[in-house]
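As structure tokens, the structure follows; a few thoughts come after it.
Any read-out appearing in this document is the output of simple, stated calculations on the displayed coordinates, not a laboratory observation. In this text, all values refer to a predicted model and were calculated from it rather than measured experimentally. Glycine also receives a Cβ, built like all others from the backbone with ideal geometry; neighbour counts cover every protein chain displayed.
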């Protein structure tokens, strides 16, 4: 069976990357419903700091990680590897060796729709890892084909294409096209800027419902 290798994305401009890392990612949840990866895929390794980068997509089969081993050497600094395991939840494709390659290549992080292994070593290596859990059962280098690099994948129920923008923090993972991100970025940035004033008002004794308009909506909904 043949393996598919598609286009590999570029990296984000430094100015855009800086702006994204300064954004509070949960703020985007105020304005979006799509692109949020299944919360069972959670941060297993990382400091909780914001991660942002273009997606390098990889698809493996349940037992064969040949595609991942090759793709790990193609990552450019600041990119995020997104791994679709084809629904497998038992075989761990990512461990100490692959993570070391990703660190050397400068990967911003790796998102695995499945399990990983060598968790102690992964924490020492330090590349942020998001996955569903850990396992002793690993994939093998079978060369069986059927995988892909730089192809559309599904990760945590979300379709991810090469070059989509991955945002992740201690709360979870979000995948957006550049256009979808651009549509909400300015309003989310403005929302972030206004939050300190809202928090000060609450600390000063004002009521949240009055500040956000929720109380007015409740009054309207309960009016005879």
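Here are the numbers for the structure shown:
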read-out	value
Tail beyond 20 Å, pair distance distribution of the chain (Cα, percent)	60
Extension gain (nm, one decimal) between residue 200 and residue 47, 0.36 nm per residue minus Cα-Cα	52.3 nm
The stretch 74-183, relative contact order [Cα under 8 Å, separation at least 6], %	23
Cβ crowding within 10 Å averaged over residues, with 71-77, 164-170 ranked highest first	164-170, 71-77
Bins of 5 Å from zero: percent of alpha-carbon pairs in the stretch 104-162	4, 13, 20, 24, 25, 13, 1
Ascending count of other beta-carbon atoms within 10 Å, so fewest first, for 218, 154, 37	218, 154, 37
Length-normalised contact order for the chain - Cα pairs under 8 Å, 6+ apart - percent	28
Order of 90, 36 under a 10 Å beta carbon neighbour criterion, fewest first	90, 36
Antiparallel DSSP beta bridges within the chain, as percent of all bridges there, nearest 5	50
Protection proxy ranking, peptides 104-115, 202-213, average beta carbon neighbours within 10 Å, highest first	104-115, 202-213
Average Cα contact separation per residue, the stretch 21-106, under 8 Å, 6 or more apart, as relative contact order %	28
For 41, 51, order by how many other beta-carbon atoms lie within 10 Å, fewest first	41, 51
The chain - mean residue ellipticity at 222 nm from DSSP helices (-39,500 (n - 2.57) per run, n ≥ 4, rounded to 500)	-10000 deg cm²/dmol
Geometric extent, Cα atoms of the stretch 142-213 - Rg, Dmax (angstrom)	19.6, 64
P(r) tail fraction, the stretch 93-215 - alpha-carbon pairs more than 23 Å apart, %	51
Nearest-ten-degree value, helix 178-203 long axis tilted from longest Cα axis of the chain	50
